[in-house]
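What follows is a set of notes on a single structure, which appears directly below.
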Amino acid sequence: PVQVTKICCIGAGYVGGPTCAVIALKCPHIQVTIVDLSQPRIDAWNSEDFELPIYEPGLVDVVKGCRGRNLFFSTDVDKGIKEADLIFVSVNTPTKKSGVGAGYAADLNYVELATRQIASVAESSKIVVEKSTVPCRTAESMRTILEANSKPGCRFDILSNPEFLAEGTAISDLFTPDRVLIGSLQTQEGKDACQSLAEVYSNWVPRERILTVGLWSSELSKLAANAMLAQRISSVNALSAICEATGANIDEVAGAVGFDSRVGPKFLKASVGFGGSCFQKDILNLVYLSESLHLPEVAAYWRQVVDLNEYQKRRFGKRIVDTMFNTITGKRIAVLGFAFKADTGDTRESAAITLIRDFLSERARINVYDPKVPESQIWLDLEEARPDIKLDAIQKQVSICQSAMEACADAEAIVIATEWKEFKEIDWEAVYANMKKPAFVFDGRLLLDAAALTKIGFKVTTIGRPSHIV
Ligand code: NAD
Ligand code: UDX
């Protein structure tokens, strides 16, 4: 097996950046260069005051620990490719917006462009690693492209090494992963390449946590893992609707179920719906794959996980309107949290966007506050959610606030959309004093102490519990 000394990562996003920064930190003997087409993104990674392009707890310390030593960020993609003996392809693979499979299939254009660039630029043999989440058998297309376009004497070994980090906990997930999965062809060359990459990870990951499997299993495992995680949330959210109608409490139900060691306690938190760049995209991709394989029942099974999630978001929005005497027209609603989960500034598929879109239709006035999402991102997301109205019309209805306190002032209702810890620590007595009465709180994250808030005077509605009963 080749001893890896130089790594290039194509794509300096939420995955490429943290993943390869951690490799650089843990492997001081390996030179790691992360490249991207986006100059502003690379400039931010290189910024002197460490204003990195993504917010992730602990990331700044990792970058401080090795940037300029053996970690480099650059827009010179060709140079990065030429120098490396191992290349991670970590570009985005969003859901296709048009053409065949629109709304379901993964858009593999970025993967293909990166692969073609590797083929045309490489002057020596490389190990090419799929880090992006891709449909099963993408490695085969990559190999065909590489072999058809390579220079004489260059060979390419392709590995699949999907990433399992979750945003908000990326650094600890990377420091102590549950597992590292590497898929390769079961040929001698494939196994050797797999060994080379396993050596890199074994600098800090125990050997027994590095799983080596076939290429197609590895690709499918990533889609399967996300589908099964999301399915747990949709299951618990489906039960939350039954709880609201019967008087059961979803936290108690999930706790009781999760105590069974076969189920386990994690990832059973009912919510306003899952968001993030992965779950919906990867499940739809799995649905598309199932349909292409003529497995309509399998496709329908997984599609229901996404359908239920859409239902959960709609249901929560409707419950808010119903509770506020069937109208929120002209009423001021404070939406606390805009990110898709706490500890990230990422807003992709955030439930807050769907909620605010619907509040806009109801002609409510909305105050938004999120501790990490930049104001410009909120406007971009709302503009995209409501292509039918102009941004200045949206801005007449929506204000972005600098604190939770400011957002709640004079509001008639508060909606918790993201489970930021700081929302637990708000001075709720002071908030109550500044609100119109009755003062409503809608907790979409099971974050707040409903009994304490009710004592103050709030009318509290929580996901997975009947209205106004604590
Ligand atoms: P991202 O959009 O944050 O980053 C992708 C980057 O790739 C962008 O900066 C883009 O400019 C760059 N890029 C695209 N084409 C390029 C090219 N040809 N050359 C150079 N740079 C190019 O995306 P992400 O969230 O990092 O996701 C990347 C992949 O990892 C996706 O397939 C995703 O499904 C997967 N993934 C994401 C997560 C997550 O939590 N975000 C977790 C696991 C897996
Ligand atoms: C997910 C997977 O967890 C990770 O392994 C994969 O690599 C990428 O996709 P991510 O989307 O970053 O990670 O965050 P995750 O913690 O999984 O949360 C996804 C969404 O589900 C969030 O909106 C979160 O709030 C929600 N969620 C999570 C719940 O509603 N309830 C839960 O119990 C857990």
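Computed from the coordinates by the stated procedures, all read-outs in this text should not be read as laboratory data. Just so it is clear, the structure is predicted and the values come from calculations on it, not from any experiment. Neighbour counts are summed over all protein chains in view; Cβ atoms, including those assigned to glycine, are modelled from backbone coordinates with ideal geometry.
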Which lysines, on any chain, are close to Lys126 with Cα under 23 Å apart, when same-chain ones fewer than 8 places away are left out?
Lys6, Lys26, Lys79, Lys82, Lys151, Lys191
Counted charge near Gly13, where neighbours are those whose Cβ lies closer than 13 Å (Asp, Glu -1; Lys, Arg +1)
-2
Can you tell me which lysines have their Cα less than 16 Å from the Cα of Lys424? Leave out same-chain residues fewer than eight positions away.
Lys341, Lys455
Percent of all alpha-carbon pairs of the range 345-470 at distances over 22 Å, whole number, is 35 percent
Using θ = phi - 60° and the Karplus form 6.51 cos²θ - 1.76 cosθ + 1.60, what ³J(HN,Hα) does each residue of the range 106-118 get, whole Hz, x for Gly and Pro?
6, 7, 9, 4, 5, 5, 5, 4, 5, 5, 4, 5, 4
Find the cysteines in the chain that fail to meet the 4.7 Å Cβ criterion with every other cysteine, and list them.
Cys8, Cys27, Cys66, Cys136, Cys154, Cys194, Cys243, Cys278, Cys401, Cys408
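Classify the range 93-179 as rounded, prolate or oblate, taking a ≥ b ≥ c as the square roots of the eigenvalues of its Cα gyration tensor: rounded when a/c is under 1.5, otherwise prolate if a/b is larger than b/c and oblate if not.
Working: a/c = 2.60, a/b = 1.25, b/c = 2.08.
The shape class here is oblate.
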Tell me which residues come under 5 Å, amide H to amide H, from Val213 once H is placed; ignore anything under 5 positions away on its chain.
Ile182, Gly183, Ser184
Which order, highest average first, do 3-16, 312-325 follow once you tally other Cβ atoms within 10 Å for each residue and take the mean per peptide?
3-16, 312-325
Whole-Hz couplings from phi, Karplus 6.51/-1.76/1.60, listed for the range 289-305; x for Gly and Pro
4, 4, 5, 5, 8, 6, 10, x, 5, 5, 4, 5, 4, 6, 4, 4, 5
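Below 13 angstrom from the Cβ of Gly190, what's the summed charge of the other residues (Lys, Arg +1; Asp, Glu -1)? Intermediate values should be presented prior to the final figure.
Numbers: positive: Arg143, Arg155, Lys191; negative: Glu140, Asp157, Glu189, Asp192.
Combined, the nearby Lys, Arg, Asp and Glu give -1.
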For a protection proxy built on the mean count of beta-carbon atoms within 10 angstrom, sort 143-156, 207-220 highest first, please.
207-220, 143-156
Starting at the first residue of the range 45-61, write each ³J(HN,Hα) from the Karplus equation 6.51 cos²θ - 1.76 cosθ + 1.60 with θ = phi - 60°, in whole Hz, x for Gly and Pro.
4, 8, 4, 5, 8, 6, 7, 5, x, 10, 9, 8, x, x, 5, 4, 5
Pull out a ≥ b ≥ c, the square roots of the eigenvalues of the alpha-carbon gyration tensor of the range 48-106, then state rounded if a/c is under 1.5, prolate if not and a/b is larger than b/c, and oblate in the remaining case.
oblate
Roughly what % of DSSP beta bridges within the chain run antiparallel, to the nearest 5?
5 percent
Which order, highest average first, do 45-53, 279-287 follow once you tally other Cβ atoms within 10 Å for each residue and take the mean per peptide?
279-287, 45-53
Over 16 Å apart: what share of the alpha carbon pairs of the range 4-115 falls there, rounded to a whole percent?
58 percent
Hits among aspartates and glutamates - C-alpha to C-alpha of Lys97 under 15 Å, sequence gap 8 or more where chains match:
Asp107, Asp282, Glu349, Glu384
Ranking Val306, Ser124, Gly190 by how far each Cα lies towards the positive end of the charge dipole of the chain (+1 on Lys and Arg Cβ, -1 on Asp and Glu Cβ), the top one is Val306
Give, as ranges by residue number, the residues of the range 207-245 whose backbone N falls under 14 Å from the point 7 Å along Cα→Cβ of Ser261.
none
At 0.36 nm per residue, and after removing the present C-alpha to C-alpha distance, how many nm does the segment from Ala452 to Thr187 gain when stretched out fully?
89.1 nm
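How much space per residue, in cubic angstrom, does the convex hull of the C-alpha atoms of the chain take up? Show your work: numbers first, answer last.
Values: hull volume 73.3 nm³, N = 470.
Normalising the Cα hull of the chain by residue number yields 156 Å³.
Show me the trypsin sites (Lys or Arg not before Pro) within the range 38-124 that DSSP assigns to loop and that have at most 14 other Cβ atoms within 10 Å of their Cβ.
Working: sites: Arg41, Lys64, Arg67, Arg69, Lys79, Lys82, Lys96, Lys97, Arg116; in loops: Arg69, Lys96, Lys97.
Sites meeting the loop and neighbour criteria: Arg69, Lys97.
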